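Q: This is the structure, below, for whatever I ask next.
No lab work stands behind these numbers, since they all come straight from the coordinates. Owing to the predicted nature of the structure, the values given are computational and were not obtained by experimental measurement. We place every Cβ from the backbone using ideal geometry, glycine too, and count neighbours over all the protein chains shown.
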Amino acid sequence: MTMKHFILTMTIGAMTLTGAALANAEVSNPAVKDRMDLMGTIRGSFAVLGGMAQGKVDFDADKATSAQATLVEAAAKIPAKFEPNEADPESEALPAIWENWDDFVDHAAALETAAAALDPSSLETVKAGVGKIGASCGGCHQTYRMK
Ligand code: HEC
């Protein structure tokens, strides 16, 4: 898969996962539900930016700015939400997270950095920034989330 295709797949995948919030209702461990909900927030704000980049949603600088702010804030919360090694039958988190904790935190920081680097002021700059964000989602999921 080429990088461009990968990013596109990630973006589309992120936008079509709307069922995830419902599935979370079956999660009995509140710590696991919490971290999944954080990922849901991340997906939601990324989908706003990705949708604009793909031309599926009209570009709106205010909406892009607020989606970016949400994404940066949520990325910063990943380490705290995932640090407790909590389990649930619904969880897709792999044990590798807690075996390679520093690397997992680096992946969270990579998302935060990529999200902070996006310039939400124009469609061109959103398009330019969204790929790196998508790559950071995939970079972490590949190692730390069940397929
Ligand atoms: C630092 C690692 C990391 C990064 C970066 C990351 N994720 Fe995740 N994500 C995970 C892990 C681990 C899970 C599985 C959590 C669980 O099921 O307990 C997950 C789960 C999800 C889920 C499913 C949530 C649910 O309700 O089950 C979605 C959607 C998601 N991520 C979207 C994204 C998007 C979009 C990005 C990038 C903008 C992203 N993630 C970046 C690690 C990461």
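Q: Among the numbered conditions (1) over 22 Å from Lys147 (Cα atoms); (2) within 11 Å of the ligand (Cβ to nearest atom); (3) without any contact (Cβ under 8 Å) to a residue 40 or more places away in the chain, tell me where Leu49 comes up short.
A: Of everything listed in (1) over 22 Å from Lys147 (Cα atoms); (2) within 11 Å of the ligand (Cβ to nearest atom); (3) without any contact (Cβ under 8 Å) to a residue 40 or more places away in the chain, Leu49 misses just condition (3).
Q: So which residues in segment 42-58 are assigned to a loop (DSSP other than H, G, I, E, B) and of a type in the set (A, V, I, L, M, F, W, C)?
A: Residues of segment 42-58 assigned to a loop (DSSP other than H, G, I, E, B): 54-58.
Across segment 42-58, the qualifying residue is only Val57.
Q: When Leu94 is evaluated against the numbered criteria (1) surrounded by 18 or more Cβ atoms within 10 Å (Cβ to Cβ); (2) within 9 Å of the ligand (Cβ to nearest atom), which criterion, by number, is the only one it fails?
A: Condition not satisfied by Leu94: (1).
Q: With the structure loaded, tell me whether Asp119 is more than 19 Å from the chain's Cα centre (by Cα), assigned to a loop (DSSP other than H, G, I, E, B) and of a type outside the set (S, T, N, Q) or whether it fails that test.
A: When the stated conditions are applied, Asp119 does not pass them.
Q: Next up: Just one of Val130, Val105 is among the hydrophobic types (A, V, I, L, M, F, W, C), surrounded by 15 or more Cβ atoms within 10 Å (Cβ to Cβ) and more than 12 Å from the chain's Cα centre (by Cα); which is it? Step through it out loud before you land on a result.
A: On the way: Val130 fails: more than 12 Å from the chain's Cα centre (by Cα).
Answer to the check: Val105.
Q: Still on this model: Would you mind stating whether Asp60 is away from the ligand (no atom under 11 Å from the Cβ), of a type outside the set (S, T, N, Q) and either crowded, with 18+ Cβ neighbours inside 10 Å or more than 14 Å from the chain's Cα centre (by Cα) (or both)?
A: Yes.
Q: Quick check on segment 84-101. Is at least one of its residues of a type in the set (Gly, Ala, Ser), free of Cβ contacts under 8 Å to residues at least 24 places away in the same chain and assigned to a helix (DSSP H, G or I)?
A: no
Q: Under the condition of being more than 29 Å from Leu118 (Cβ to Cβ) and more than 10 Å from the ligand (Cβ to nearest atom), which residue from segment 68-91 is surrounded by the fewest Cβ atoms within 10 Å (Cβ to Cβ)?
A: By that ranking, first place goes to Pro89.
Q: I've got another one for you. So which of Leu118, Leu111 is more than 8 Å from the ligand (Cβ to nearest atom) and under 17 Å from Ala47 (Cβ atoms)?
A: None of the others qualify; the one that does is Leu118.
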